[in-house]
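> Have a look at this one.
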Amino acid sequence: MRRMVLKLSGEALASSASDETIDASTVHFLATEIASAMSEGDLELAVVVGGGNIWRGAKGELAGMNRASSDLMGMLGTVINSLALQDAIESHGRATRVMSALEMDQIAEPYIRRRAVRHLEKGRVVIFAAGMGNPYFTTDTPAAQRAAEIEADIVLKGTHGGVDGVYDCDPRQFPGATRYERISFDDVIAKNLRVMDMTAITFCKDNDLALRVFDVMAPGNLGRALRGDAVGTLVD
Ligand code: UDP
């Protein structure tokens with residue numbers, strides 16, 4: 001049984017096709033991809049969703065807000081996204097549990113590691129909401145930290161917006177950019193490549209946790225990444 005953590009940015013739930021913060025057809029697409037990959041069996045999946053489509057702590061700080069308060073708003077954004085994803089995945093008949101790092105009994109279970117592992121063993125998709133519950137982090141770090149905690153085999157970072165892995169420079173600015181099929185954490189750090197937050201990168205490195213960066217919006221790609229196919233870039 002392979003156990004994986006999928007990190008989705010909040011913006012992956014939005015779409016340029018609509019003005020909605022959460023685009024129903026995009027969420028439905030992601031849920032379909034998750035449910036069909038899970039139906040192949042042999043797989044335990046936890047998802048960490050960001051909140052950047054709703055709020056980012058750094059944005060409030062720039063506007064003069066207290067950073068910790070602003071980060072709490074960001075964490076609440078991740079809860080909203082988690083509930084949207086839960087609803088969509090369950091509409092495909094796949095059981096899910098949202099586990100929150102912040103207590104909110106009527107909305108989600110509290111995060112308890114042993115309970116999360118039990119849900120995974122029962123085939124439920126576990127959605128980790130509210131990041132780590134601490135300000136001054138983005139959801140990249142909890143994706144890595146929860147993965148280590150539940151002893152996942154790999155972190156899958158699903159990208160959107162057409163960038164399908166790790167490049168030597170930004171492919172949206174430089175058409176000649178080259179995608180790495182595999183790169184070390186040391187090289188990502190030395191070249192300052194924008195893969196995930198550096199805190200998450202160094203956490204993965206220190207804890208021997210592999211990371212695959214791939215385009216989650218390409219149909220079938222999530223299934224391939226979950227099967228261990230060489231999509232996108234492997235960082236290890
Ligand atoms: N956040 C936080 N602690 C965490 C995770 C998230 O304070 O452990 C806050 C932070 O303000 C962050 C926001 O939640 O900007 C939304 O998460 P993120 O920026 O990672 O969203 P994404 O870019 O993945 O959509």
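The values are calculated or read from the model by the stated rules, or taken from the named source; none is laboratory data. Model, not experiment: these values are computed from the prediction. Counting neighbours? That spans all protein chains shown, and the Cβs are built from the backbone with ideal geometry, glycine included. Ligands, DNA and RNA are excluded from the accessible area calculation, which covers all protein heavy atoms including side chains. Shrake-Rupley method; radii C 1.70, N 1.55, O 1.52, S 1.80 Å.
> Among the residues of the range 128-143, is any away from the ligand (no atom under 14 Å from the Cβ) and modelled with pLDDT of 95 or more?
Looking through the range 128-143, none of the residues is away from the ligand (no atom under 14 Å from the Cβ) and modelled with pLDDT of 95 or more.
> Looking only at the range 103-127, which residues are open to solvent by less than 20 Å² (accessible area, probe 1.4 Å) and either touching a Ser or Thr at 6+ places or on another chain (Cβ under 8 Å) or within 15 Å of the ligand (Cβ to nearest atom) (or both)?
A108, V125, V126, I127
> I'm trying to understand the selection: among the residues of the range 167-191, which are closer than 28 Å to N134 by Cα and open to solvent by less than 80 Å² (accessible area, probe 1.4 Å)?
Within the range 167-191, F185, V188, I189 meet the criteria.
> When the residues of the range 193-219 are narrowed to those that are within 18 Å of V163 (Cα to Cα) and out of contact with any helix residue (DSSP H, G or I) (no Cβ under 8 Å at 6 or more places or on another chain), which ends up surrounded by the fewest Cβ atoms within 10 Å (Cβ to Cβ)?
That would be R194.
> Could you please tell me which pairs satisfy a Cβ distance under 8 Å, a separation of 6+ or placement on different chains, a first residue in the range 1-24 that is over 16 Å from A129 (Cα atoms) and without any contact (Cβ under 8 Å) to a residue 60 or more places away in the chain, and a second residue that is open to solvent by less than 20 Å² (accessible area, probe 1.4 Å) and part of a loop (DSSP other than H, G, I, E, B)?
A14/D23; S15/D23; A17/D23
> Separate question: Which strands (runs of 3 or more DSSP E) does the range 149-236 wholly contain that include 3 or more residues that are under 30 Å from I112 (Cβ atoms) and touching a strand residue (DSSP E or B) at 6+ places or on another chain (Cβ under 9 Å)?
Correct list: 154-159, 210-215.
> Suppose we filter T26, T32 for residues that are touching a Ser or Thr at 6+ places or on another chain (Cβ under 6 Å) and open to solvent by 10 Å² or more (accessible area, probe 1.4 Å); which single one remains?
After applying the criteria, what remains is T26.
> List the pairs whose first member sits in the range 184-197 and is within 16 Å of the ligand (Cβ to nearest atom), whose second member is open to solvent by 40 Å² or more (accessible area, probe 1.4 Å), and whose Cβ atoms are under 6 Å apart, counting only residues at least 6 apart or on separate chains?
So the pair list comes out as D197/T138.
> Within the range 39-55, identify whether any single residue is in a helix (DSSP H, G or I) and either touching a strand residue (DSSP E or B) at 6+ places or on another chain (Cβ under 6 Å) or open to solvent by 30 Å² or more (accessible area, probe 1.4 Å) (or both), and answer yes or no.
no
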